[in-house]
1. In whole percent, how big is the carbon plus sulfur part of the accessible area of segment 150-263, probe 1.4 Å, protein atoms only?
2. Within the accessible area of segment 37-130, what % is carbon and sulfur when the probe is 1.4 Å and the other protein chains stay in place?
3. In straight Cα distance, which lysines are under 17 Å from LYS216, not counting same-chain residues fewer than 8 positions off?
4. How about LYS334: which lysines have a C-alpha closer than 20 Å to its C-alpha, ignoring those fewer than 8 places off in the same chain?
5. How about LYS130: which lysines have a C-alpha closer than 25 Å to its C-alpha, ignoring those fewer than 8 places off in the same chain?
6. With a cap of 13 neighbouring Cβ atoms within 10 Å, and only residues DSSP puts in a loop, list the trypsin sites (Lys or Arg not before Pro) found in segment 87-123.
7. Lys and Arg at +1, Asp and Glu at -1: add these up for the other residues within a Cβ distance under 14 Å of GLY85 and post the number.
8. If MET115, MET166 are ordered by their accessible area, calculated over protein heavy atoms with a 1.4 Å probe, which sequence runs from highest to lowest?
Amino acid sequence: MSDNMNRRDFLTYAGAGAALATLPVNLVKLAFGGTQEDFTFAFISDAHIQHISGTKFVRNWDQGLKMAVAEANLMHPKPDFVIFGGDLAQLALKEELDHGAEIMSALKYKTYWVMGEHDYYLDYGKYWEKLFGPQWYSFDHKGVHFVVLNSILTYDEWNKKWPTDMERMVQMAGLDNPKGSPFMVGKEQREWLKKDLAKVSKSTPIVVLSHSPLQKIFRGWNFWTEDADEVQAILKPFRKVTVLYGHVHQIQYNQIGNISFHAAMATAWPWPYPSTYVKAEQHLPVLTVPMNRADPFFERDATGWQYINIHTGNVAAHYQLPNNTNRVVSFNKKTGRPEDTTYQNKANRVLPQEHY
């Protein structure tokens with residue numbers, strides 16, 4: 001796959017107007033070399049389907065997911081499967097999960113599911129499990145080992161302190177809420193991960209799918225996984241590891257040792273960082289690309305569309321952005337990290353808009 005490929009190379013338009021929308025469907029190409037067979041998969045995340053009453057849902061979030069599904073069905077080459085990266089619902093309500101599952105059922109491909117905090121904290125994911133299966137698991141596909149983690153667990157003491165299930169859900173769903181609690185993978189799941197990876201050759205490409213970043217970026221918005229260092233240590237012995245995650249609703253990329261990190265954009269709304277938003281204790285990777293503030297008169301502004309080319313285990317992420325400059329973030333073998341050369345040149349940076 002050439003880094004010069006554009007969005008038209010992945011869509012068979014067939015006159016369908018939906019294919020012209022710019023949405024965060026992520027096409028991932030795995031080309032690890034050796035005997036592995038190249039393949040692609042699509043990544044959709046963070047729909048936040050929100051119930052109003054009866055059969056009414058927040059239309060914007062509905063439309064974002066519906067259009068992402070339509071684009072995934074039009075991809076060429078066709079992906080082998082689809083990953084949904086978490087937060088299908090907003091408050092984990094049965095109505096929201098059912099409605100989101102119905103929209104996703106239009107996909108023409110097998111779908112693997114990742115748990116998000118908005119899917120979990122009402123009933124600890126029990127209804128989600130009935131619809132989609134276990135909260136963590138692994139599978140192999142054409143020489144690549146995939147691991148799906150539930151990275152949004154937290155301390156038992158915090159879970160037990162709320163008088164109602166909905167109050168617990170609402171507290172965890174909020175941003176900058178001091179009553180919330182940090183996310184984590186947890187001891188039980190880390191032990192499971194060690195056993196799962198013990199059966200895998202250190203030369204096998206590993207792709208980890210989580211909802212939170214498996215990094216410690218920004219505690220206030222839970223762009224932070226409490227036991228990220230311990231999870232990274234489990235992954236360290238493997239030659240090539242890629243972590244793909246949702247949750248942050250924006251472009252992020254980072255390299256820690258042998259692990260490449262790439263975020264998927266959301267189908268619901270963006271979370272760009274305003275330049276005036278100063279918080280203590282944040283470790284936002286310096287390579288993160290600032291996005292435009294969302295324009296309330298353009299419901300899809302600052303969401304974007306991306307596909308990822310993973311060649312010999314390293315990532316080149318292609319971002320197609322409305323009202324901003326398209327970008328390619330590629331792994332630089334000389335420096336050992338992903339780089340966006342256009343953005344890193346200060347003279348060429350496109351500043352975020354201020355219309356909010």
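The values are calculated or read from the model by the stated rules, or taken from the named source; none is laboratory data. Because the structure is a prediction, the values reported are computed rather than measured. Here the Cβ is made from the backbone with ideal geometry for all residues, glycine too, and neighbour counts use every protein chain on show. For accessibility, only protein heavy atoms count, side chains too; no ligands or nucleic acids. Shrake-Rupley method; radii C 1.70, N 1.55, O 1.52, S 1.80 Å.
1. On the way: 2260 of 4440 Å².
It is 51 percent, rounded to a whole number.
2. Working: 1840 of 3490 Å².
Roughly 53 percent of what the probe reaches on segment 37-130 is carbon or sulfur.
3. Output for LYS216: LYS236, LYS279.
4. LYS240
5. Once the sequence-local lysines are set aside, what remains near LYS130 is LYS56, LYS66, LYS94, LYS108, LYS110, LYS160, LYS187.
6. Numbers: sites: LYS94, LYS108, LYS110; in loops: LYS108, LYS110.
Passing both the DSSP loop test and the Cβ count: LYS108, LYS110.
7. Working: positive: none; negative: ASP46, ASP87, GLU117, ASP119.
Result for the local shell: -4.
8. Numbers: MET115 0, MET166 70 Å².
Per-residue accessible area, sorted high to low, gives MET166, MET115.
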